[in-house]
Amino acid sequence: MKYNLYAIWLELGKLYAIWLREFKVFLRERSRLIASTFTPLLWLFVIGGGLGALVTNPSESSVINDNSELGTASGMTYQQFIFPGIISMSVIFSSIFFGSYIIWDRKFDFLKSVMVAPVSRTTIFVGKTFGGMTTSLIQAAILMVVGLLIGIHYSPLSLVLTIVIILLLSFALTSLGLTIGSYMESLEGFQLIVSFVVFPLYFLSGALFPLRNLQIWLSILTTLDPATYAVDALRNMMLGITGKNSFTYDIIILFISAIIVGTVGMFSFRRMKAV
């Protein structure tokens, strides 16, 4: 029993070292933080402000204003409605593109050094995933502060549950990014493949539109998108909107998605070559 506790403590130390390395890399790349925050803000204020002028005008967009989701909160603006989707956008992009660092590590032989160290590949994968989750959480926190400026209010409970949603989504998508990166050998190939993953995940999540009254084919695709459940849950917590699913259902689907993609990622890491 004593040996098992020591082995667990030792493994946790290795996990912490890998996470700390990823966190320090992120802190040193301030341009990365600025760039990853700028794009969601651009969507929030430019797209949200531009389309908001149409959505909030009953004479020009009566169909949209009649939608029950947009009409749930009196006086809600389109910017407020898409804000949970903007949070998800930040998490989606930062989490999946985190997988590109596997390719960089392979090029600079850091990955080779880690692979020959007495560290299990599962620990390496989980440590890097935690690093990606921390990055996503910091970026989401910055956006949540901006949300106060457009009238988003948080209670202590909604704040805690929002963080849980962000971490679950980030774990699933960071695992996905690392899985893709483990099979790629060039950044160009990674970016090409990821483009076919990131944009469908975002646009099909309902980040920019309500999920009710959709065409059948679009409704099916949004149902298959794990990010849909994150956006739905975030709207519930941030805006008090009861969306397509209950909050409990959204959390369960997110948790199952994280477990499935994480398991696939661990398996991929075990098969990955360092060079």
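Overview of results
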read-out: In segment 222-275, the residues that are of a type outside the set (A, V, I, L, M, F, W, C), more than 15 Å from Thr174 (Cα to Cα) and part of a helix (DSSP H, G or I); value: Thr222, Thr223, Thr228, Tyr229, Asp232, Arg235, Asn236, Thr248, Tyr249, Asp250, Arg270, Arg271
read-out: Where a residue in segment 159-176 is closer than 18 Å to Tyr249 by Cα and without any contact (Cβ under 8 Å) to a residue 60 or more places away in the chain and its partner, wherever it lies, is surrounded by fewer than 24 Cβ atoms within 10 Å (Cβ to Cβ) and of a type outside the set (Lys, Arg), with Cβ under 8 Å and at least six apart; value: Ile163/Leu137; Leu167/Leu137
read-out: Positions within segment 169-183 being surrounded by fewer than 24 Cβ atoms within 10 Å (Cβ to Cβ) and closer than 14 Å to Ile260 by Cα, in sequence order; value: Thr179
read-out: Residue, surrounded by the most Cβ atoms within 10 Å (Cβ to Cβ), within segment 95-136, restricted to residues that are among the small types (Gly, Ala, Ser) and either closer than 16 Å to Leu187 by Cβ or at pLDDT below 75 (or both); value: Gly99
read-out: Which numbered condition Phe199 misses (of (1) closer than 24 Å to Ala141 by Cα; (2) in contact (Cβ under 8 Å) with a residue 12 or more places away in the chain; (3) part of a helix (DSSP H, G or I)); value: (2)
read-out: Looking only at segment 222-261, and only at residues there that are among the small types (Gly, Ala, Ser) and either under 15 Å from the mean Cα position of the chain (by Cα) or surrounded by 18 or more Cβ atoms within 10 Å (Cβ to Cβ) (or both), the one that is modelled with the lowest pLDDT; value: Gly243
read-out: Of the criteria (1) at pLDDT 85 or above; (2) under 19 Å from the mean Cα position of the chain (by Cα), which one Trp217 fails; value: (2)
read-out: Given (1) at pLDDT below 85; (2) buried (at least 19 other Cβ atoms within 10 Å of the Cβ), number of the condition Gln80 does not satisfy; value: (1)
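A quick yes/no check of all residues on (1) without any contact (Cβ under 8 Å) to a residue 40 or more places away in the chain; (2) hydrophobic (A, V, I, L, M, F, W, C); (3) touching a strand residue (DSSP E or B) at 6+ places or on another chain (Cβ under 6 Å):
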position	(1), (2), (3)
Gly240	no, no, no
Ser246	yes, no, no
Tyr249	yes, no, no
Val261	no, yes, no
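The values are calculated or read from the model by the stated rules, or taken from the named source; none is laboratory data. Computed from a prediction, not measured in an experiment: that's the story for all the values here. Note that we place each Cβ from the backbone using ideal geometry, even for glycine, and neighbour counts take in every protein chain shown.
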